[in-house]
Amino acid sequence: MDINMTLIGQAIAMAVFVWFCMKFVWPLIMTPIEQRQTEIANGLAGAEKAQADLANAKNEAAKLISAARDQARGIVDQASSRATGIVDQAKTDGETERKRQLEVARAEIGAEQNRAREELRGQVAKIAIAGAEKVLAREIDANAHRDILSRLASEL
């Protein structure tokens, strides 16, 4: 193969074409490509940041849910203990009321017993007077013998 002028001309034309492309065409092509690479890199970095934010948000949500569950459990426990306290207080109040009513009933029974005793004493005194009148066949003066009857009533 001979190196002739055609080959040298083609080499020079190729070198001029390469220089022209590198000087004028290549920057026009590379600028949008570099911009696109920058946008893609920024998008990937944003996606990674968004994934990290999502993971942080999930962790934070889990913490909030756990705190809310703990708070709800605490409220339920507090309500349960309050209900138990109310029931215990009601039992105590009921027992106190029962004792008070028993005391009132006992006092009423005692008063009724005393009234019945006094009534019975009066009736026994009247029966004794009536019996004594019949035995003696004369009337006993109630004013004169009141001391005797009151002693008899107190003995009964």
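At-a-glance table
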| read-out | value |
| --- | --- |
| Rounded accessible area of residue 28 (nearest 10 Å², 1.4 Å probe) | 130 |
| P(r) tail fraction, the range 84-130 - alpha-carbon pairs more than 13 Å apart, % | 69 |
| Gain upon complete extension [residue 44, residue 150; 0.36 nm per residue less C-alpha separation] | 26.4 nm |
| For the range 1-62, size of Cβ-based charge dipole, Lys and Arg +1, Asp and Glu -1, in debye | 100 |
| FRET E, pair residue 118, residue 87, Förster distance 41 Å, beta-carbon r, rounded to 0.05 | 0.35 |
| Around residue 85: net Lys/Arg minus Asp/Glu count, Cβ-Cβ under 13 Å | -1 |
| Full-stretch length increase - residue 11, residue 68 - with 0.36 nm per residue and alpha-carbon distance subtracted | 12.6 nm |
| Modelled label reach - residue 97, point 7 Å along Cα→Cβ, the range 62-88 residues with backbone N closer than 20 Å | 83-88 |
| Protection proxy ranking of 117-124, 32-39 - average other beta-carbon atoms within 10 Å, highest first | 117-124, 32-39 |
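The values are calculated or read from the model by the stated rules, or taken from the named source; none is laboratory data. Because the structure is predicted, anything quoted here is derived from the model rather than measured. No Cβ is skipped: glycine too gets one built from the backbone with ideal geometry, and neighbour counts run over all protein chains shown. We work out accessible area using only protein heavy atoms, side chains counted, and drop any ligands, DNA or RNA first. Shrake-Rupley method; radii C 1.70, N 1.55, O 1.52, S 1.80 Å.
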